[in-house]
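Beneath this line is the structure, given in structure tokens, with notes to follow.
The values are calculated or read from the model by the stated rules, or taken from the named source; none is laboratory data. Everything numeric here is computed off the predicted structure, so don't read it as measured data. Here the Cβ positions follow ideal geometry from the backbone for every residue, glycine too, while neighbour counts run over all protein chains shown.
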Amino acid sequence: MAEPPMAPPQPPQPPQPPVYPRPEPYTANVLRRLRRGLRSWFGLLNEWDFRVPLGRIDVLGRPLFLVSDPPLVRQLLVDQVDRFPKHPFTLWLLEPLIGRGIFSVNGAEWARQRRLLDQAFQVAQLRQVLPQMQGAIQALVQRLELAGEGSVDIEAEMTLVTADVIVRTILSRPLEAAEAADILRSFQRYQQRAGQALVLRLLQLPGALLQRYLAGHAGTIRGWIAAVIEERLAAPAGSEPPRDLLQALLEAQDPETGSNFSAQELVDQVCTLFLAGHETSASALGMACYLLAQFPEAQQRLRLEVQAALAGQERPLEFDDLRRLPYGTALFNETLRLYPPLSFFIREAAADGALGKSRCPLGALVAISPWVIQRHEQHWSDPQAFRPERFLAECATAQERAWARDAWLPFGLGPRKCPGAAFALQEALLVLAELVRRQRLLPEPGHSPDLVGRLTLRSRNGIRLRLERLSRS
Ligand code: HEM
């Protein structure tokens, strides 16, 4: 009998783009978009938004712009900050949680807070906070060792480790398991409600009523932070205070007015730093782990880079080792491109004027979305693909370098740019390096993260992975 003909060799399949909620086809029906937006802010978007430089919808007669053209974005966030301050919805949405903290206020109130905060960040430098970060990461490593091999919700683990990092950095003490459960649960509920509250506010539901809906869960977090600060302030005179971020905030003095943060402002700032400092990093690290599991070559390349940086030594990574992780840095940057933790920023037009070729009336809501800009067809080649090499100096083309400069803004731009960007990169490199040198991260069969845009980008069903312990070389 004749042998059946051999099947011709198949060309290698290009890797599938990593998961993302695909935008819906264009619809002019604003109510339908808003209904989708109640589940996730991504539901407000259409395919079309990923192709055009400027989108506009009108919600109950109020214009809402989506700006995706990099020069126009720069105009808004860098050159005309006073014309486009943070939208009052930002303060309204976050006030139950962070009061009048730096993230949501504008003008002179913001400028003074920023001077004080920048001073505190200079005191609590990156090299100095490294031991606190390492302490939290060692606790993570031990938790994962205890859990053994198998399935893990890595998003929950990343939330815990980043909350522990920020608590240790601010307060010089770990986040206890019992407090963590209470606080993180409250925060998760706040997130869920905040996403819906913003869309309901666009529909002009009464703000005070919606704020009450948010306030309960925020109270747990604020109460805990206020108590810890009180404890520090009540320390007996003459006792040596720990050199941490809280102490730096207490001692910061505004060079222009000579004022310090008041007790109330301190609670607001610490709540802000707790929120801004752990929630964003948790989102980014959860997605970075997901990508490492989906792309084993990238994972192995990072592992080899970490091993080379440590030159075979069995020790935690030190500050100077981090400079020897260019691929790790590129991988984190690409994670932030595909999955920016803060997917939207909103501003308000404080005066009538032009926005590109459109008229932008006083009071218009102007949204800038790293989620859209960083997946925009006009700004990136193959925008849905995971390719850390875009951010590696020796691999990126001149065009890719220009895009990385102009169309990559996970930390924002201009004077309101994130002051914690270097902190976040250091933390991410330490966490990812310690994970890949000990564990192999594998996809969990049948699991796909269900990504939703709320205060930050999160997965409704967690991010499940399988961990396999590596034998130590
Ligand atoms: C991957 C991690 C992070 C991301 C993606 C991120 C992103 C951002 C973005 C986009 C903004 C500006 C928002 C706007 O313009 O409306 C911002 C502001 C801010 N971030 Fe971050 N952030 C991260 C980590 C951190 C950390 C670790 C800290 C503190 C330790 C921090 C503290 C702040 C503060 C205080 C502001 C307000 C700055 C101001 O309004 O002047 N962030 N962040």
(request) Could you tell me whether Gln138 is at pLDDT 95 or above, away from the ligand (no atom under 13 Å from the Cβ) and of a type outside the set (D, E, K, R)? (result) yes
(message) Could you check region 355-373 and list, in sequence order, the residues that are under 21 Å from Lys86 (Cβ atoms) and either within 15 Å of the ligand (Cβ to nearest atom) or without any contact (Cβ under 8 Å) to a residue 60 or more places away in the chain (or both)?
(response) Leu362, Leu365, Val366, Ala367, Ile368, Ser369, Pro370, Trp371, Val372, Ile373
(message) Looking at region 407-422, I want the residues that are near the ligand (Cβ under 7 Å from one of its atoms) and have a partner that is charged (D, E, K, R) with Cβ atoms under 6 Å, at least 6 apart or on another chain. Which pairs are those?
(response) Phe411/Lys417
(message) Here is a list: Gln211, Gln188. Which entry is more than 16 Å from the ligand (Cβ to nearest atom), within 30 Å of Phe344 (Cα to Cα), more than 23 Å from the chain's Cα centre (by Cα) and surrounded by 14 or more Cβ atoms within 10 Å (Cβ to Cβ)?
(response) Gln211
(message) Need pairs with beta-carbon distance below 7 Å; first residue at negative phi and within region 207-218, second among the basic types (Lys, Arg); sequence gap 6+ or separate chains.
(response) Gly207/Arg201; Leu210/Arg201; Tyr213/Arg193; Leu214/Arg193; His217/Arg189
(message) Restricting to region 236-263, name every residue that is of a type in the set (A, V, I, L, M), surrounded by 15 or more Cβ atoms within 10 Å (Cβ to Cβ) and in a loop (DSSP other than H, G, I, E, B).
(response) Ala252
(message) Take Leu429 and tell me if it is out of contact with any Gly (no Cβ under 8 Å at 6 or more places or on another chain), within 16 Å of the ligand (Cβ to nearest atom) and among the hydrophobic types (A, V, I, L, M, F, W, C).
(response) no
(request) For region 324-341, indicate whether the set of residues that are over 30 Å from Arg62 (Cα atoms), at pLDDT 95 or above, of a type in the set (A, V, I, L, M) and surrounded by fewer than 20 Cβ atoms within 10 Å (Cβ to Cβ) is non-empty. (result) no
(request) Sort out which residues of region 141-179 are of a type in the set (Gly, Ala, Ser) and in contact with a Leu (Cβ under 6 Å, 6 or more places away or on another chain), and write them in order of number. (result) Ala163
(request) Filter region 73-96 down to residues that are away from the ligand (no atom under 14 Å from the Cβ) and within 26 Å of Arg454 (Cβ to Cβ) and give me whichever is surrounded by the most Cβ atoms within 10 Å (Cβ to Cβ). (result) Pro96
(message) Just to be sure before I move on: is Gly219 small (Gly, Ala, Ser) and either away from the ligand (no atom under 14 Å from the Cβ) or surrounded by fewer than 12 Cβ atoms within 10 Å (Cβ to Cβ) (or both) in the structure I sent?
(response) yes
(request) Assess whether Ser381 counts as being within 14 Å of Ser68 (Cα to Cα) and either within 13 Å of the ligand (Cβ to nearest atom) or of a type in the set (Ser, Thr, Tyr) (or both). (result) no
(message) If I filter region 451-466 down to residues being assigned to a loop (DSSP other than H, G, I, E, B) and in contact (Cβ under 8 Å) with a residue 12 or more places away in the chain, which single residue comes out as nearest to the chain's Cα centre (by Cα)?
(response) Thr456
(request) Being surrounded by 16 or more Cβ atoms within 10 Å (Cβ to Cβ), charged (D, E, K, R) and within 19 Å of the chain's Cα centre (by Cα) is the filter here, so list the residues in region 407-434 that pass it. (result) Arg416, Glu427
(request) Quickly run through region 85-110 and pick out the residues that are outside any helix (DSSP H, G or I), under 15 Å from Gly363 (Cβ atoms) and in contact (Cβ under 8 Å) with a residue 40 or more places away in the chain. (result) Pro85, Lys86, His87
(message) Condition first: within 16 Å of the ligand (Cβ to nearest atom), surrounded by fewer than 21 Cβ atoms within 10 Å (Cβ to Cβ) and of a type in the set (A, V, I, L, M, F, W, C). Can you find one or more residues in region 386-403 that meet it?
(response) no
(request) May I ask you to verify whether Ala194 is of a type outside the set (Phe, Trp, Tyr), more than 16 Å from the ligand (Cβ to nearest atom) and part of a helix (DSSP H, G or I)? (result) no
(message) Going residue by residue through region 323-336, is there one that turns out to be out of contact with any strand residue (DSSP E or B) (no Cβ under 7 Å at 6 or more places or on another chain), of a type in the set (Phe, Trp, Tyr), assigned to a helix (DSSP H, G or I) and within 11 Å of the ligand (Cβ to nearest atom)?
(response) yes
(message) Going by what's in this entry, would Val152 be described as within 11 Å of the ligand (Cβ to nearest atom) and not in a helix (DSSP H, G or I)?
(response) no
(request) Quick one: in region 267-316, of everything that is surrounded by fewer than 21 Cβ atoms within 10 Å (Cβ to Cβ) and either part of a loop (DSSP other than H, G, I, E, B) or among the aromatic types (Phe, Trp, Tyr) (or both), which residue is farthest from the ligand (Cβ to nearest atom)? (result) Gly312
